[in-house]
Each structure stands twice: as structure tokens, then as C-alpha cells.
Amino acid sequence: QAAGCVAGSRAATFIPCLLPSIPVPRSDRFSCRDRCSPSSAAAIRSIDAPLQHAPLRSSVCVAAPTRAMAVSAEVESVEAEEDAQQRPSPAETARTVLEIAAHGTLATIDEDGKPLGTYASYVLDSSGQPLLRLRAGAVHTANLLRNPDCSLFVQPNEEPARLLARVTLRGRVEEVMGPEAEDAASLHRQLHGEGAGVDAPQGSDLYYRLVVDECFYVGGLGAGAEAEVIPADVLAAAAPDYLRHCVPSLVNQWNLERTEDVLRIAAESDGAAYDELEAAQLLWVDRLGMYLYIQRVGEEGRVRRKSFVRQQKNERDLRSTLTMLAQVSWEKERKYQPVMPVLAVGEPDEIAV
């Protein structure tokens, strides 16, 4: 789908959307007097109900960028000055990707010495190493029996997690047997379901642990998307982001239902006025901050990291923080000045009760 609009005498460019275009009817908006003041906004703790909005300006239309815009080489435009301490480390992000995806491309060496890449699903053991489910008679299984050296490429299939990063684990496999193999099979059924056809579990299935030597990491959104090698011990010591399961639905919800809020947060983060942006999209959120795609009118789009003031504790905390950011951005954009009550001053017995 595509979204576009006319802004005064200027026609906004039609931009193919990663997400459906989101026209916002003015009848669904609230007036300025319905907004809460900064003092009352500070008391907000839950955002189960949508945040009220000021009237939508007729001169602005927001369109989500295509995936090519957001992911391209792709993302060299992430701000160089972002503080590495205000985002998860590459090892933490790699662990998050491994937790989200649960399948990848297994590269083995065939009998002719040539590489072969095949699909493989997995679960993770307690140390974060993949336990691969393999068919007893599969070609890649035969290859591993001859040569246990292999690699596993992992990247989530769906947006927005696909934008986050991609990793390749390099190492060798060792067979898992006995109770550990039974536990792996049970966990695999819970995570992947019963499957059908070639993916249906079989009694002859084998489980192999990929003993990781190193992780080749390419961050899709962070630090200029540069590749780096993460040692196995650093990867094992890292923890995945605990917000990873709620973030995909939260990101999609904000892009679809709270487009104006995303635009205002992006404008404030980029030091731009509301109507100076052509497009904005929330790409990913973690416990320390979020990534935004921002495109100013007449300029190339780029990805910017916005750090939170404090680490988010859980999904409820994260949603509350996003709502407060939207509120503060609206107040700055509107130059909102709350009317403070005037208190009577005098002797205690002179003040009317």
C-alpha cells in the first residue's frame, strides 16, 4: 500500500509502506483543553487506554517507510555519537536474536568438500547454545557425521525483529543423548509445535548441540551496522533482552494506531518541527531505548537511537514511558504552558477556608 497527501501547495511524496497507511480522521482527535498538564502527566502509570491527541494538522501526513528504507546498508545513517552504554551490547543483541528466531540456515560440508546450506530448527540449552533437531537420514546429518564443523546463520523472519541484527554461529556439533535429548525434544514440541510433513517430529530425530567457537555479528540497527566477531565466552555470559517477547506487537501497535505520537517523538528526537518530517516509524525497542526511522522533507531517511532516562523494568513500565514521551513531545511541539493555580497569601486566620 502507499500513503501520501497534499501539504499546502506542496505535494508530499507517495511512499510505499511497510505497514498499512494510517489516515487519522479529525473526528477521532481531541482538543488542546483535553490534554493533561505536565504535573498530571507525571502521575500517569498505565496506558491501557489510548493517549488523547490534539487535532491533526491538515498540512502533514505520515507515511511509514519501506523495509528497504529502514534496513538498507543499510542503516549507515545511525547516529555515530550514540552512547554504547545506552544500548544493549552486540552479545546481548545476538542472544536476543537467537531467542526470537529459533531456526536458521545450517551450513555443512558435503562429501565433495563443498558447502551446503539447509534449514534447521533449534531450541537453546541453559548456556544459550543451540540444540539442533536433525533427521537421521538427512544429507546435512550425514555431512556432520563426517565433519562436525559447521555454522548456523540466524535472522528473524518477520518485522520488526528482522531489522534488529543477524548472527552466524561457528563451531562444531556434538550429539545430545539420553534424558537431555528427551528434554530437548519436549521443548522443541512446545516451541515449534507438532509440525506437518517434513517438519513433523519423528521418533528417529536426533539432537545435536552446536558448541559455539565464535559468533559473527552484524547489527542491523546499531552502531553503523558494522560486522564484528563475538568470542564464545562473551556470548555465553550475555543475557537476551527480557522485553523481546512483547516488543514486536508493541512496535506494530504504535506504528498502526499511534502514528502521530511516533511522528512527534521522532521530531523531538531529531530536533525537527512536526511538519518538517516526511515519515517516521518506530523500528525496535529494548530496555534501554528505541530505534526510530526518521525522514525529513526533501532529505534521505536515517535511523536514530533514542535512549531512555532509565532502564525499563517490564512491558507495563515500557508502555508508560512511551506514553510519557509522546505527551512531552506534544507539549513541546505545541509550546503548551499549563495554567497554575494562584494560592492565597496572608495570615492563617485571614485565609478563607
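With the checklist (1) out of contact with any Lys or Arg (no Cβ under 7 Å at 6 or more places or on another chain); (2) of a type in the set (D, E, K, R); (3) under 30 Å from GLN253 (Cβ atoms) in hand, flag the one item GLU159 doesn't pass. Status for GLU159: all satisfied but (1). Flag: SER307 matches the condition of being open to solvent by 20 Å² or more (accessible area, probe 1.4 Å), more than 19 Å from ARG95 (Cα to Cα), in contact with a Gly (Cβ under 6 Å, 6 or more places away or on another chain) and hydroxyl-bearing (Ser, Thr, Tyr). Of the listed requirements (1) farther than 16 Å from LEU98 by Cβ; (2) at pLDDT 90 or above, ARG166 misses just one: (1).
Among the residues here, THR141 does not qualify as polar (S, T, N, Q) and closer than 15 Å to ARG170 by Cα.
Identify, please: which residue in the range 189-229 is at pLDDT 90 or above and of a type in the set (A, V, I, L, M) and is, among those, surrounded by the fewest Cβ atoms within 10 Å (Cβ to Cβ)? My answer is VAL229.
Answer yes or no: is there a residue in the range 170-188 that is surrounded by fewer than 22 Cβ atoms within 10 Å (Cβ to Cβ), under 28 Å from the mean Cα position of the chain (by Cα), at pLDDT below 95 and of a type outside the set (A, V, I, L, M, F, W, C). Scanning the range 170-188, I find at least one residue that is surrounded by fewer than 22 Cβ atoms within 10 Å (Cβ to Cβ), under 28 Å from the mean Cα position of the chain (by Cα), at pLDDT below 95 and of a type outside the set (A, V, I, L, M, F, W, C), so the answer is yes. Of all the criteria given as (1) at pLDDT below 95; (2) within 20 Å of ARG264 (Cα to Cα), the one not satisfied by SER320 is (1). When you check ARG135 against the structure, is it buried (at least 17 other Cβ atoms within 10 Å of the Cβ), of a type in the set (Lys, Arg) and modelled with pLDDT under 95, yes or no? Judged against the criteria, ARG135 is not a match. With respect to the stated conditions, LEU235 is crowded, with 21+ Cβ neighbours inside 10 Å, at pLDDT 95 or above, in a helix (DSSP H, G or I) and over 16 Å from the mean Cα position of the chain (by Cα). Selection over the range 303-327 of residues that are touching a residue at least 60 places away in the same chain (Cβ under 8 Å) and more than 16 Å from the chain's Cα centre (by Cα) gives a count of 7. Checking each residue in the range 252-281 for being touching a Leu at 6+ places or on another chain (Cβ under 9 Å), acidic (Asp, Glu) and open to solvent by 10 Å² or more (accessible area, probe 1.4 Å) picks out GLU268, ASP270. For the range 87-132, taking the residues that are part of a helix (DSSP H, G or I) and small (Gly, Ala, Ser), the one that is surrounded by the most Cβ atoms within 10 Å (Cβ to Cβ) is identified as ALA94. Mind checking which residues of the range 282-304 are touching a Ser or Thr at 6+ places or on another chain (Cβ under 9 Å), buried (at least 22 other Cβ atoms within 10 Å of the Cβ) and either acidic (Asp, Glu) or under 20 Å from GLU333 (Cα atoms) (or both)? Within the range 282-304, ASP286, LEU292, ILE294 qualify.
The values are calculated or read from the model by the stated rules, or taken from the named source; none is laboratory data. Here the structure is a predicted model, which means the values were calculated and not measured. No Cβ is skipped: glycine too gets one built from the backbone with ideal geometry, and neighbour counts run over all protein chains shown. For the accessible areas, the whole protein counts, side chains as well, though only heavy atoms, and no ligand, DNA or RNA atoms are used. Shrake-Rupley method; radii C 1.70, N 1.55, O 1.52, S 1.80 Å.
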